[in-house]
Amino acid sequence: MLLPAPLEIAGMRLAPLVAALAIMALPARAQDAPPPLKPARDVAITYRMPDAPVPGMEHRLRILVSAATGRQRQENAGLVGITDPQAKRRYMFSTDRQDGLFGRVVEQPISDDEMDLAEVARDPGFRVTRHGTETIAGLGCTVWRVREVQEPEEEATELCLSADGLMLRSRAQRQGMVSVMEAVRIEYGPLDPSLFIPPAGWPVQR
């Protein structure tokens, strides 16, 4: 599957990246703790992934968030993932007729051990520290490094969040492999609710 898995921190899983999106274009400010991770209005964000599996090819990931329902949609090269945090379900399908997933939906439960950054920050088994500020895609953000207490500092997961919680970049290193996502475009505005449900009439595989 081309859709990225949630960020992992020594076996603990952060909630899907979109859950880190709180969408209000507020100015960046110094923070002593990560901002609340709740969307304030609908948004579509395009990320670049420079560490794509194919050398010289840069993948793009588009993420959409419905502020009213909390549902999240990831789009990547025809593959689509929809997460419903209230129902604790995730739906996967493809819009590419050449893909084996086209015409059917794979439904998966959201694991109970998935954690958002706010929960991680309150867990004594983790260290969450602030490391300055940056500007990405025209917005200011604060850099946060997250690691389990027994992990080396160089394996901390790095997130750059705007003052209201919009994730502009993520960087993780595991066993010498580096994974990076960085926002290149942010679009605010109402999103069609139909984008956040699986295609009608497609059989669901559980």
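The values are calculated or read from the model by the stated rules, or taken from the named source; none is laboratory data. What you see is a predicted model, and the numbers here were worked out from it, not measured in a lab. Glycine gets a Cβ as well: all are built from the backbone with ideal geometry, and neighbour counts include every protein chain shown. Just so you know, the surface numbers come from the protein's heavy atoms only, side chains and all, with ligands and any DNA or RNA stripped out. Shrake-Rupley method; radii C 1.70, N 1.55, O 1.52, S 1.80 Å.
Out of PRO39, PRO85, which single residue is at pLDDT 85 or above and open to solvent by 30 Å² or more (accessible area, probe 1.4 Å)?
Details: PRO39 fails: at pLDDT 85 or above.
One residue alone meets the criteria, PRO85.
Looking across region 137-180, the residues that are among the charged types (D, E, K, R) and assigned to a strand (DSSP E or B) come down to ARG145, ARG147, GLU148, GLU158, ARG169, ARG171, ARG174.
For the condition crowded, with 16+ Cβ neighbours inside 10 Å and on the phi > 0 side of the Ramachandran plot, GLY103 does not qualify.
Quick one: how many residues across region 188-206 are over 25 Å from ARG89 (Cβ atoms) and open to solvent by less than 60 Å² (accessible area, probe 1.4 Å)? Explain how you work it out, then say what you get.
First, pick out the residues of region 188-206 that are over 25 Å from ARG89 (Cβ atoms): 188-189.
Among the residues that remain, those that are also open to solvent by less than 60 Å² (accessible area, probe 1.4 Å) are: 189.
Qualifying residue count, region 188-206: 1.
Please work out which residue is most open to solvent (accessible area, probe 1.4 Å), limiting yourself to region 149-184 and to residues that are modelled with pLDDT under 85 and over 20 Å from PHE126 (Cα atoms). Going through the qualifying residues, I end up with MET177.
Among the residues of region 42-75, those identified as of a type in the set (Val, Ile, Thr) and either touching a Lys or Arg at 6+ places or on another chain (Cβ under 7 Å) or modelled with pLDDT of 85 or more (or both) are VAL43, ILE45, THR46, ILE63, VAL65, THR69.
Of all residues in region 126-148, which are surrounded by 14 or more Cβ atoms within 10 Å (Cβ to Cβ) and among the polar types (S, T, N, Q)?
Taking region 126-148 and keeping what is surrounded by 14 or more Cβ atoms within 10 Å (Cβ to Cβ), we get 126-128, 130, 133-134, 136-137, 139-148.
If the condition is that a residue be surrounded by 14 or more Cβ atoms within 10 Å (Cβ to Cβ) and among the polar types (S, T, N, Q), then THR133, THR142 are the ones that fit.
Scan region 88-109 for residues that are within 15 Å of ASN76 (Cα to Cα) and within 21 Å of the chain's Cα centre (by Cα) and report the count. Final tally of qualifying residues: 5.
Contact map, region 166-183: residues that are at positive phi paired with residues that are open to solvent by 30 Å² or more (accessible area, probe 1.4 Å), Cβ distance under 9 Å, separation 6+ or inter-chain. Pairs shown: GLN175/GLU155.
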